[in-house]
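FYI, it's all coordinate maths here, none of it is from the lab. Predicted model only: the values in this text are computed from it and were never measured. Here the Cβ positions follow ideal geometry from the backbone for every residue, glycine too, while neighbour counts run over all protein chains shown.
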Amino acid sequence: MLDARLSDRREARAEPRVRAATDGSSRAPSPTLRPITRADVMTVADVAALLDLKPYTVKEYARRGILPGRKLGRGWRFLRPELEDAIRQLPRPSG
């Protein structure tokens with residue numbers, strides 16, 4: 001009897017995972033995306049050098065969501081393709 005109840009609980013917990021993986025709203029990898037390489041991952045120093053900004057400014061822009069970055073532990077990491085897309089979408093100066 002106890003084994004049957006435990007089995008039911010395990011199945012109930014497993015169902016949402018299966019459902020989330022098979023419903024259309026899950027974020028399945030697109031076939032057009034390529035795998036991330038080490039060259040795609042940039043540090044604050046890399047981005048600062050690329051954009052000619054101070055490292056503090058890069059971190060502040062990432063915190064504000066102006067630059068797409070992810071906090072990993074105590075440091076920030078940026079993906080070059082996301083960064084390039086974000087820069088392309090910034091408004092151009094009018095003058």
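If you take all other residues with their beta carbon under 14 Å from the beta carbon of Val41, and give Lys and Arg +1 and Asp and Glu -1, the sum is +2.
Counted residue by residue at 0.36 nm each, then reduced by the alpha carbon distance between them, the extension gain from Arg92 to Ala45 reaches 14.5 nm.
For Phe78, neighbours were defined as the other residues whose beta-carbon sits under 12 Å from its Cβ, and their charges (Lys and Arg +1, Asp and Glu -1) total 0.
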